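Remarks on the structure that follows.
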2 protein chains.
Amino acid sequence: MSRIKSVSFIGSGNVATHLAKALANSGINVKSIYSRNIVHAKLLGDLVGAKSTDKISEIAVDSDLFIFSINDSVIGDLAKKLKEKVGYDAFVAHTSGMVASEIFKEYFNDFGVFYPLQTFKKSRNIDINEVPFLIAGNSNTVENNLFELASMISDNVHFIDDAKRKVLHVAAVFANNFTNFMYSISDDIVQKENVDFQLLKPLIKETAMKIVDGQNPKEVQTGPAVRNDISTINAHLSYLENNATAKQLYQILTKSIVEANK
Amino acid sequence: MSRIKSVSFIGSGNVATHLAKALANSGINVKSIYSRNIVHAKLLGDLVGAKSTDKISEIAVDSDLFIFSINDSVIGDLAKKLKEKVGYDAFVAHTSGMVASEIFKEYFNDFGVFYPLQTFKKSRNIDINEVPFLIAGNSNTVENNLFELASMISDNVHFIDDAKRKVLHVAAVFANNFTNFMYSISDDIVQKENVDFQLLKPLIKETAMKIVDGQNPKEVQTGPAVRNDISTINAHLSYLENNATAKQLYQILTKSIVEANK
């Protein structure tokens with residue numbers, strides 16, 4: 001069991017919302033939600049029975065842990081302000097993939113990272129139990145406490161240092177952001193011709209589930225590029241003549257796949 | 001009910017394997033499997049109780065339908081050879097996304113397309129019932145017969161003309177081949193640092209399922225590119241300094257996402 005019985009959130013966005021709900025559901029006392037936007041703070045505060053505020057000075061001082069779930073660029077700033085309120089001995093963590101845990105070093109005694117490697121939207125339910133939580137901290141005690149807290153809501157908790165978390169964050173841009181952009185281009189292509197994007201969904205699902213179920217992406221690469229099927233590639237490129245973005249990406253990705261399979 | 005009670009396959013690859021199995025399971029008599037590779041022909045033939053052969057002359061002449069499930073580039077050639085054996089009055093279809101149904105015009109009276117829009121691997125089970133089958137033909141009778149045949153194995157059957165099927169085929173390259181390549185790069189990035197690719201799988205699944213469940217890819221685009229978060233982008237690019245392919249793709253995809261969201 002974690003020694004952490006209560007938390008407060010700095011931030012009320014997608015990540016804060018999913019974490020606060022999951023922790024509250026697991027019996028953690030979510031004491032306060034801070035957001036510079038009081039409407040957002042209230043929405044989440046009401047959901048988890050926490051006090052909402054848009055003033056750092058009103059954050060519940062007696063929280064066992066303060067979780068920073070905000071834009072990377074403002075973590076340092078808000079850490080400084082929180083320290084003025086709660087003092088050096090507070091226990092803090094952030095949920096960022098990129099920011100080193102050391103960002104808290106000059107302000108707090110106990111600090112770490114509580115990073116859920118998943119894409120969250122407030123409006124979409126997620127099985128938090130499957131979400132990988134990547135934990136780091138400035139002492140074994142900090143790490144163990146964060147690990148135990150994460151284990152209350154997920155079966156997929158790992159100690160990962162700052163450097164490896166960064167690697168995963170870069171990889172996640174490909175696995176999530178760029179993949180979603182592929183879907184987006186696909187959608188564009190069919191919409192231009194009034195063809196139903198729905199028809200591509202079983203393919204999208206299977207493409208992902210094949211990997212999730214254990215196939216190696218390199219080994220299951222299919223398509224004209226990996227076959228070096230020039231006549232299909234040319235037919236596709238000539239079809240994309242009027243879609244500059246899609247055509248350019250088609251060319252570059254095809255070239256990269258050909259090279260990767262040499 | 002389809003008037004088609006028996007089929008023969010020209011081809012024994014991934015698509016032929018899944019179709020032959022599904023049709024056989026639905027009570028269709030799979031009479032013969034032709035492949036230039038007799039070992040492949042036998043593997044599938046034995047699986048569905050069909051005669052296997054590597055000679056066009058041995059294909060079961062009395063099949064109600066001949067399904068060409070082979071490389072695009074050899075469909076015309078084999079159609080010509082099959083016609084010499086079975087005559088102009090045979091009923092044929094191919095399973096290609098790109099090839100026009102007219103490829104059969106000079107050889108056969110009844111011809112069409114029986115295209116399953118999915119990625120198939122012999123070794124991986126698939127819920128054929130959800131696979132979109134895209135049907136086209138040179139007459140209403142042909143189309144209706146192919147539609148009814150597809151409906152025996154799938155609940156997701158559509159009439160789609162050659163032009164629109166081609167659009168879907170191009171879109172599928174993005175939704176499947178290029179998406180898989182994103183997974184592959186992601187895998188490369190983490191493997192180089194001995195980080196477990198397994199950690200990215202919940203993200204891969206959620207990224208796809210969000211779209212499958214009805215979100216619009218453009219509306220759910222996240223990441224540093226769509227936020228125009230230059231400091232994260234630069235941190236990622238500097239991390240990718242020693243991975244030329246990933247770095248170049250990161251730059252181009254980021255630029256395209258920024259432009260698409262202007």
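The values are calculated or read from the model by the stated rules, or taken from the named source; none is laboratory data. Keep in mind the model is a prediction, meaning the values are calculated, not measured. Glycine also receives a Cβ, built like all others from the backbone with ideal geometry; neighbour counts cover every protein chain displayed.
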| query | In the range A:95-131, what count of residues is obtained for those that are over 17 Å from A:Asn177 (Cβ atoms) and either not assigned by TED's automatic domain parsing to the domain that holds A:Lys83 or not β-branched (Val, Ile, Thr) (or both)? | reply | 19
| Some residue of the range A:71-81 being in contact with a Leu (Cβ under 9 Å, 6 or more places away or on another chain) and either more than 14 Å from chain B (Cβ to nearest Cβ) or of a type in the set (Val, Ile, Thr) (or both) | no
| said: What's the total number of residues in the range B:114-149 that are surrounded by fewer than 21 Cβ atoms within 10 Å (Cβ to Cβ) and β-branched (Val, Ile, Thr)? | reply: 2
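Yes or no, residue by residue, for (1) in the same structural domain as B:Gln118 (by TED's automatic domain parsing); (2) in contact (Cβ under 8 Å) with a residue 60 or more places away in the chain; (3) not in a helix (DSSP H, G or I):
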| position | (1), (2), (3) |
| --- | --- |
| B:Ser12 | yes, no, yes |
| B:His18 | yes, yes, no |
| B:Ala22 | yes, yes, no |
| B:Lys31 | yes, no, yes |
| B:Arg36 | yes, no, yes |
| B:Ala41 | yes, no, no |
| B:Asp46 | yes, no, no |
| task | Would you check which residues across the range A:75-111 are touching a helix residue (DSSP H, G or I) at 6+ places or on another chain (Cβ under 8 Å) and either on the phi > 0 side of the Ramachandran plot or assigned to a loop (DSSP other than H, G, I, E, B) (or both) and list them? | result | A:Ala90, A:Thr95, A:Ser96, A:Gly97, A:Met98, A:Val99, A:Ala100, A:Tyr107, A:Phe108
| Out of all the residues in the range B:233-262, which are exposed (fewer than 15 other Cβ atoms within 10 Å of the Cβ) and in a loop (DSSP other than H, G, I, E, B)? | B:Asn261, B:Lys262
| message | Suppose the filter is assigned to a helix (DSSP H, G or I) and farther than 22 Å from B:Thr17 by Cβ; does B:Ala136 pass it? | response | no
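In the range A:240-262, which residues are within 8 Å of chain B (Cβ to nearest Cβ) and at pLDDT below 95?
Within the range A:240-262, the first condition is being within 8 Å of chain B (Cβ to nearest Cβ), and the residues that meet it are A:240, A:245-246, A:248-250, A:252-253, A:256-257, A:259-260.
Matches in the range A:240-262: A:Thr245, A:Glu259, A:Ala260.
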| task | Run A:Ile230 past the list (1) surrounded by fewer than 21 Cβ atoms within 10 Å (Cβ to Cβ); (2) facing chain B (nearest Cβ under 7 Å) and report the number of the one that doesn't hold. | result | (2)
| task | Please find, within the range A:174-199, the residue that is farthest from the chain's Cα centre (by Cα) out of those that are more than 7 Å from chain B (Cβ to nearest Cβ) and part of a helix (DSSP H, G or I). | result | A:Gln191
| Is there a residue in the range A:71-81 that is small (Gly, Ala, Ser) and touching a Gly at 6+ places or on another chain (Cβ under 8 Å)? | no
| query | If you check every pair at least six apart or on different chains, which have Cβ atoms under 8 Å apart with a residue in the range B:113-131 that is on the phi > 0 side of the Ramachandran plot and small (Gly, Ala, Ser) first and a residue that is assigned to a loop (DSSP other than H, G, I, E, B) and surrounded by fewer than 18 Cβ atoms within 10 Å (Cβ to Cβ) second? | reply | none
| message | Looking at the structure I just gave you, is A:Val212 modelled with pLDDT under 95 and under 15 Å from B:Ile204 (Cβ atoms)? | response | no
| If you check A:Pro202, A:Pro217, which single one turns out to be at the interface with another protein chain (Cβ under 7 Å from one of its Cβ atoms), crowded, with 19+ Cβ neighbours inside 10 Å and assigned to a loop (DSSP other than H, G, I, E, B)? | A:Pro217
| Qualifying residue in the range A:135-154 (condition: at pLDDT 95 or above and at the interface with chain B (Cβ under 7 Å from one of its Cβ atoms)) | no
| message | Suppose the filter is in the same structural domain as A:Phe133 (by TED's automatic domain parsing), assigned to a strand (DSSP E or B), crowded, with 19+ Cβ neighbours inside 10 Å and in contact with a Ser or Thr (Cβ under 9 Å, 6 or more places away or on another chain); does A:Ile67 pass it? | response | yes
| field | Breaking point among (1) surrounded by 23 or more Cβ atoms within 10 Å (Cβ to Cβ); (2) touching a His at 6+ places or on another chain (Cβ under 9 Å), for B:Gly13 | value | (1)
| remark: Across the range A:150-173, the tally of residues that are assigned to a helix (DSSP H, G or I) and of a type outside the set (Val, Ile, Thr) stands at 11
